[in-house]
Amino acid sequence: MKKGFIDFYRKLISINSVSSEIPEQDVSNEEVIDFLNSYLTGKGFTTRKVSVRNARNKFNLIAKIGEGDGGVALCGHTDTVPCDMAKWSSNPFELTERDNRLYGLGVIDMKGFFAFVYNIIERIDLSALKKPLYVIATGDEETNMGGAISLRDQFCDKPDLMIIGEPTSMVPVIMHKGHVVQGVRVIGKGGHSSNPDAGINAIKIMHEVVGCLLDLESELKKRYREDLFQIPYPTSNIGKIVGGDAPNRICESCEILFDIRPIPGHGVEEMMALTREILGPVLKKYPENVELYIPYEPTEPFGGKISDSTVKFLEEATGRKAIAVNYATEATYYQELSETVVLGPGSIDMAHQPDEYLDMDEIEPADTVLYRIVSHYCL
């Protein structure tokens with residue numbers, strides 16, 4: 001293992017780039033972007049550092065070397081989730097080697113992927129490129145995908161393939177589910193519990209809403225199927241309910257949040273339409289009391305837009321069968337730009353976990369696969 005690789009890795013991990021919806025915990029990714037920018041310009045890349053829209057001082061980096069159309073883009077996000085330092089065995093902002101593993105926050109999810117990008121760039125003859133090589137680094141993936149959403153307007157080129165280096169244990173991921181969160185707000189009429197009929201109990205109405213949402217779960221199983229997924233249908237989960245303030249008061253308001261994870265071919269709009277269909281009787285019965293709303297921007301599913309020939313090549317290059325996964329990535333947005341695969345070192349099981357690590361035995365095989373793919377598309 002080369003010293004330059006470890007030094008590059010160490011620098012990436014040492015920079016705090018935590019993303020959080022809580023402003024006090026949210027940190028800019030600019031230092032990571034500037035570090036990558038400095039390295040890439042030194043290697044002859046043309047770079048653009050661009051702001052992420054509607055973000056707190058977050059940036060994307062778009063770097064290119066080589067001429068012509070096509071080529072390959074090595075992509076990743078530069079932010080991490082927050083961490084509880086008390087749960088770590090070592091400093092999460094210091095690359096630590098022990099037990100044949102590299103530990104650190106973002107070591108696999110996913111700042112560490114840019115150390116593998118470094119290895120590719122150091123290994124390949126950049127003067128021999130026949131098609132472009134791109135490096136794309138984004139911000140705010142761990143909160144709202146803001147970097148990838150902004151990238152749709154910032155990146156106009158069309159590589160033959162975009163590789164998102166999320167931890168897949170170097171198994172090609174060609175499909176994942178989307179995510180749409182919906183809420184139901186019930187407004188009743190409060191009053192003293194000694195005369196319940198004098199008010200409108202929002203919890204009682206919400207009871208009917210919950211019954212409909214359980215029907216929604218059954219409908220999703222019956223109507224849709226994609227066998228590439230371990231759970232082969234869209235799932236729905238009721239995740240939060242809040243209502244009432246005291247046992248001796250008629251509940252005046254109640255609110256519930258639930259999600260659906262749509263599969264490719266049956267996207268967010270279809271899932272929201274089905275929700276309205278299933279909740280139709282309650283919405284019609286209580287038109288003044290029940291509101292269905294969308295609290296967050298939904299994420300479309302990824303998949304179905306990559307050619308059979310590309311999948312075949314990726315399976316040959318990795319020696320692994322392409323799969324679908326249940327978690328979501330920036331691939332949702334990248335697939336609008338070019339054929340996209342999620343492929344990177346490390347296990348997703350370690351993402352967002354204390355003592356996040358990369359097994360060092362994965363380094364050389366990952367380097368070999370990534371070099372083979374870049375050579376195929378660019379040399």
task = Give the range of the longest stretch in the chain that excludes all GluC sites (Glu not before Pro) found in loop regions by DSSP and having at most 14 other beta-carbon atoms within 10 Å.
result = 95-287
key: Label selected from [x] 81, 45, 38; [y] 73, 46, 39; [z] 67, 48, 39, the criterion being Cα extents along the principal axes in Å as computed here   = [x]
request  = For every other residue with a beta carbon closer than 14 angstrom to the beta carbon of I13, add +1 if it is Lys or Arg and -1 if Asp or Glu, then tell me the sum.
outcome  = -4
remark   = Computed over segment 1-118, protein heavy atoms only, probe 1.4 angstrom, the accessible area per residue in square angstrom equals 43
inquiry  = If you scale each eigenvalue of the Cα gyration tensor by 5 and take the root, what three semi-axes come out for segment 220-347, rounded to whole angstrom and sorted largest first?
reply    = 39, 16, 13
query = Which net charge results when you count Lys and Arg as +1 and Asp and Glu as -1 among the other residues whose beta-carbon is under 13 Å from that of P281?
reply = 0
14 Å Cα-Cα reach of K87 towards aspartates and glutamates, excluding residues that sit fewer than 8 places from it in its own chain = D355, E356
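What do you get for trypsin sites (Lys or Arg not before Pro) in segment 276-370 restricted to DSSP loop and a cutoff of at most 12 other Cβ within 10 Å of the site's Cβ? Kindly include the intermediate steps, with their values, before the conclusion.
Values: sites: R276, K284, K285, K305, K312, R320, K321; in loops: K305, R320, K321.
Those satisfying the criteria are K321.
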key: Net charge, V135 excluded, C-beta distance under 15 Å - Lys, Arg +1, Asp, Glu -1   = +3
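Using a 1.4 angstrom probe on heavy atoms only, work out the carbon and sulfur share of the accessible area of segment 253-321 in %.
Result for segment 253-321: 49 percent of the exposed heavy-atom area is carbon or sulfur.
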18 Å Cα-Cα threshold exceeded, pairs from K111/K312; K158/K305; K204/K285 = K111/K312
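Compute the whole-percent fraction of alpha carbon pairs in segment 1-94 spaced more than 18 Å apart.
Percentage above 18 Å: 56.
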remark   = Carbon and sulfur atoms account, in whole percent of the 1.4 Å probe accessible area of segment 50-150, for 42
inquiry  = Please list 3J(HN,Hα) in residue order for segment 126-140, calculated via the Karplus relation 6.51 cos²θ - 1.76 cosθ + 1.60 where θ = phi - 60°; whole Hz, with x for glycine and proline.
reply    = 5, 6, 9, 4, 9, 9, x, 10, 10, 10, 10, 10, 10, x, 6
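The values are calculated or read from the model by the stated rules, or taken from the named source; none is laboratory data. All of these numbers come straight from a predicted model, not from anything done at the bench. Note that we place each Cβ from the backbone using ideal geometry, even for glycine, and neighbour counts take in every protein chain shown. Calculation scope for accessible area: heavy atoms of the full protein, side chains included, ligands and nucleic acids excluded. Shrake-Rupley method; radii C 1.70, N 1.55, O 1.52, S 1.80 Å.
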